[in-house]
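See below for the structure under consideration.
The values are calculated or read from the model by the stated rules, or taken from the named source; none is laboratory data. Since the model is a prediction, treat every value here as computed from it, not as a measurement. Positions of Cβ are generated from backbone atoms using ideal geometry, with glycine treated the same way; all protein chains shown enter the neighbour counts.
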């Protein structure tokens, strides 16, 4: 099972390695925390938290008999996280967040696999073709994604 | 973004604009697409991430700021123009295997690692998100100072 924020489910859709995608309510609340922990407490042999977050560490600790997480860099308050976790990787050991996440594999003895595998299904070419009025498989095309989540990362519209 | 899209269309490349269905994002994306050539196609809000990944694999080039799909494009091996401001160096995207080949500085404001070109906006802030002041982050000065002229060399060389 994977838990994701609302609206992020598409990243895991069709992934044959994931049996269940769990999405909490639209907004995190004490009630949604309680429901999540009640529903899944101790159910899993291993829980991995792939973000540095108090909440993710608590969730992993609650649902996994063994919990492993990324934790913040040295100097941040990490003692309570280490007390709850069976293993951890530190965010300050790698220059890239994806690399940080993959290092969780080292902690649990899983070999790192670098190839990016895209979950898909047989219908995807038709879905894309329905959106585009040109033959995107044969004609030269480029993709632009202009809008980042944080405004400080936006380029100018005129650029 | 308009200059970049028009630049690509002028070189015979159709441009597909992706994005989420969020209302704020649509309000940003739609006027941008409407201001560009007819060979720029807007699929924002209508394309799933997995489908976008498949589209990326068939693309000659991807361009975007520091966002998830930029990292996805880089990992898929698509020639990627990553427009970065304050995020360096911790979040610079890289083709896998990660950082086996460290980013090479092509110019003061441009790095290359594998299939990824990182074009860096100019400002006085430290190139480190964790030291970046809240005020400067709000302003996004790095990105506002990113000049089209410094970006277009990259897609130009990729498309040659």
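Take the residues in segment B:1-16 that are in contact (Cβ under 8 Å) with a residue 60 or more places away in the chain, over 16 Å from residue A:136 (Cβ atoms) and part of a helix (DSSP H, G or I), then tell me which one is nearest to the chain's Cα centre (by Cα). Please lay out each step first, then the result.
Let us first name the residues in segment B:1-16 that are in contact (Cβ under 8 Å) with a residue 60 or more places away in the chain, namely B:3-4, B:7-8, B:11, B:13.
Now restrict to residues that are over 16 Å from residue A:136 (Cβ atoms): B:3-4, B:7, B:11.
From what is left, the residues that are part of a helix (DSSP H, G or I) are B:3-4, B:7.
Working: B:3: 13, B:4: 10, B:7: 15 Å.
Checked segment B:1-16; the qualifying residue nearest to the chain's Cα centre (by Cα) is B:4.
Output yes when any residue across segment A:131-149 is closer than 21 Å to residue A:91 by Cβ and either out of contact with any strand residue (DSSP E or B) (no Cβ under 6 Å at 6 or more places or on another chain) or more than 7 Å from chain B (Cβ to nearest Cβ) (or both), and no when none is.
Yes, segment A:131-149 contains a residue that is closer than 21 Å to residue A:91 by Cβ and either out of contact with any strand residue (DSSP E or B) (no Cβ under 6 Å at 6 or more places or on another chain) or more than 7 Å from chain B (Cβ to nearest Cβ) (or both).
Within segment A:118-133, work out how many residues are farther than 22 Å from residue B:26 by Cβ and modelled with pLDDT under 95. Write out each step before concluding.
Filtering segment A:118-133 for residues farther than 22 Å from residue B:26 by Cβ gives A:118-126, A:129.
Right, trim to modelled with pLDDT under 95 and you get A:118-126.
Of the residues in segment A:118-133, 9 are farther than 22 Å from residue B:26 by Cβ and modelled with pLDDT under 95.
Could you list all residues from segment B:48-93 that are under 16 Å from residue A:142 (Cα atoms), assigned to a loop (DSSP other than H, G, I, E, B), within 7 Å of chain A (Cβ to nearest Cβ) and modelled with pLDDT under 90?
Across segment B:48-93, the qualifying residue is only B:76.
Going by the structure shown, is residue A:53 more than 17 Å from residue B:56 (Cβ to Cβ) and either more than 7 Å from every other protein chain (Cβ to nearest Cβ) or under 20 Å from the mean Cα position of the chain (by Cα) (or both)? Before you say what the answer is, go through the steps one by one.
Values: more than 17 Å from residue B:56 (Cβ to Cβ): yes; either more than 7 Å from every other protein chain (Cβ to nearest Cβ) or under 20 Å from the mean Cα position of the chain (by Cα) (or both): yes.
Taking the combined requirement at face value, the residue satisfies it.
Please count how many residues of segment A:107-136 are surrounded by 13 or more Cβ atoms within 10 Å (Cβ to Cβ) and part of a helix (DSSP H, G or I). Can you show your working first?
Filtering segment A:107-136 for residues surrounded by 13 or more Cβ atoms within 10 Å (Cβ to Cβ) gives A:107, A:112, A:114, A:116, A:118-120, A:124-125, A:127-129, A:131-132, A:134, A:136.
Still in the running and part of a helix (DSSP H, G or I): A:107, A:124-125, A:127-129, A:131.
Selection size over segment A:107-136: 7.
Across segment B:5-47, what is the total count of residues that are crowded, with 16+ Cβ neighbours inside 10 Å and within 7 Å of another protein chain (Cβ to nearest Cβ)? Steps first, please.
To start, the set of residues in segment B:5-47 that are crowded, with 16+ Cβ neighbours inside 10 Å comprises B:5-9, B:13-20, B:25-26, B:28-29, B:32-33, B:36, B:39-44, B:47.
Applying the additional criterion that residues be within 7 Å of another protein chain (Cβ to nearest Cβ) yields B:5, B:8, B:13-19, B:25, B:28-29, B:32, B:41, B:43, B:47.
Qualifying residue count, segment B:5-47: 16.
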